[in-house]
Amino acid sequence: MNYPIARKIPRAVLDAEADRLAALAGAPLHRKLGGYARLAGPGFMGAALTLGAGTLTSSMLSGATFGYRTLWLIWLSAGLGLFMMAAMARFTCRGGFRVIPVQNRRHSWVIGSLMTGLVGTAAVAVIFNFGQVALGTHLIESLAPFAGFAFPAEYNWLLYCGVTSALILSYGRRGGRGTRLVEAVMKGGIAVMILAFGAVLLLVGVDWGAAGRGFFIPWLPGGGEGLDLFIASSAAAVGVMDWVFFHYAGLGRGWGRRHESLARFDLIAGLFLPFVVINFLMIGVFAATLFPQGITPDSAPELAAALMPLLGPTWSQILFYAGFLAVPITTTVGMSLAGAMAIHEAFGWEPDTSSWRWKVSALLPQVAFLAAWNARPVWLVIAIAAFLSLANNVVGWSMYLLLNDRELLGADRCRSYLWNLGILLQVTLLNAIAVTYVFNRLGWW
């Protein structure tokens with residue numbers, strides 16, 4: 001174990017987990033899936049991180065504007081992302097190395113520390129958390145009247161930041177129990193989203209024929225609107241932060257060769273399926289309610305407010321808000337941990353979750369409490385989006401080269417043409433996103 005967070009987990013605990021995995025290898029399918037689900041974690045945390053305010057707002061807008069016709073984008077964008085995530089699992093379980101220092105040695109600190117660590121992960125965590133805090137405090141403010149009192153965002157940010165900070169600081173503490181706690185909360189958050197949005201969708205009804213066509217038949221609106229939708233959906237699925245977080249969260253759990261099957265399960269059942277299901281539910285709710293009425297507000301709070309009168313019973317409104325609140329909370333926790341890991345790797349600091357350096361790094365995104373007054377620091381969002389597009393492309397090529405590096409991985413390097421093709425397709429897509437973004441900003445497209 002060359003990652004300090006994993007060293008805090010007692011060897012007996014790690015050996016017991018490996019023994020359980022070995023026993024599950026020959027178990028019946030239902031027992032194997034149940035056992036893997038209990039042992040999995042980084043994939044579920046990655047899903048909770050990815051299912052943030054931006055992703056869910058995109059799904060809400062898609063459902064309200066285009067109905068069910070954009071459902072196919074969910075599985076396509078998330079599915080392409082799995083190829084790169086599988087590479088990260090290979091680095092964790094078979095490589096056993098920490099990817100950012102390796103990038104520094106083989107591809108320069110510009111690619112590793114700067115583009116992967118500071119730009120693609122840490123800066124994104126800070127800036128994108130403004131959207132999470134803005135949404136979370138708004139949802140708390142919206143829920144308070146159901147309990148008979150007012151709790152405006154200017155005050156409830158203390159509650160939001162207090163809860164998320166406590167979870168953030170629990171990670172890696174108490175001999176691994178803190179990590180398990182955070183993973184359990186993230187799994188619970190995903191379960192709440194699925195139950196809440198699923199119940200609301202059952203209430204409003206589903207046009208299964210239209211949903212089936214939208215899920216399997218590709219369609220985009222014409223012109224720049226279709227291009228923007230495709231870019232937004234593709235970029236929102238899986239990027240540098242997700243790659244980095246899954247890799248280091250696996251290292252933090254002490255994963256090695258014996259955990260590779262668990263890592264693959266975690267990617268499918270923990271990351272891919274929750275991402276697809278929750279986005280499907282969200283698009284379905286708005287396709288069944290706002291789309292027929294032609295109501296297309298611009299922001300998540302406006303979309304949620306427009307939905308409320310159409311849900312009927314008070315319990316359904318509370319359920320939707322509660323499920324929606326799980327979105328920013330889990331994303332804030334995941335992004336903050338990813339940012340702390342990336343900052344420590346970028347500067348060559350050993351991650352000690354009890355140190356002041358870790359605590360400051362992990363809580364840095366909480367500067368977004370300012371979103372309670374100013375939800376949209378526009379120039380910062382534009383700047384980081386431009387750098388993120390570039391980072392996704394540059395870092396993607398770096399990861400591809402590492403996966404095929406004979407000297408680094410030896411016999412464990414990628415030998416699958418399909419796997420390489422999938423990564424190349426994703427990197428090419430990210431490159432198109434970067435170029436199109438720049439052209440849009442320059443007015444050339």
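The values are calculated or read from the model by the stated rules, or taken from the named source; none is laboratory data. Because the structure is a prediction, the values reported are computed rather than measured. With ideal geometry, Cβ positions are generated from the backbone for all residues, glycine too; neighbour counts draw on all protein chains shown.
Points worth noting:
- The single condition among (1) of a type in the set (Gly, Ala, Ser); (2) surrounded by fewer than 24 Cβ atoms within 10 Å (Cβ to Cβ); (3) part of a helix (DSSP H, G or I) that Ala150 does not satisfy is (3).
- Scanning region 302-324 finds no residues that are within 29 Å of Arg105 (Cβ to Cβ) and in contact with a Leu (Cβ under 7 Å, 6 or more places away or on another chain).
- Among the residues examined, Trp243 does not qualify as outside any helix (DSSP H, G or I) and buried (at least 22 other Cβ atoms within 10 Å of the Cβ).
- Only a single item in (1) among the basic types (Lys, Arg); (2) in contact with a helix residue (DSSP H, G or I) (Cβ under 6 Å, 6 or more places away or on another chain); (3) surrounded by fewer than 23 Cβ atoms within 10 Å (Cβ to Cβ) is not met by Arg106, and it is number (2).
- Any hit, region 34-42, residues being basic (Lys, Arg) and either buried (at least 23 other Cβ atoms within 10 Å of the Cβ) or more than 25 Å from the chain's Cα centre (by Cα) (or both): no
- In region 62-84, the residue that is modelled with the lowest pLDDT out of those that are within 15 Å of Val427 (Cβ to Cβ) and surrounded by 24 or more Cβ atoms within 10 Å (Cβ to Cβ) is Gly81.
- Every test in (1) of a type in the set (Ser, Thr, Tyr); (2) at pLDDT below 85; (3) in a loop (DSSP other than H, G, I, E, B) is passed by Thr353 save one, and that test is (2).
- Answer from Val276, Val285 - the residue that is surrounded by fewer than 22 Cβ atoms within 10 Å (Cβ to Cβ), part of a helix (DSSP H, G or I) and modelled with pLDDT of 80 or more: Val276
- Within region 108-132, the set of residues being of a type outside the set (A, V, I, L, M, F, W, C) and touching a residue at least 60 places away in the same chain (Cβ under 8 Å) comprises Gly112, Ser113, Thr116, Gly117, Gly120, Thr121, Asn129, Gly131, Gln132.
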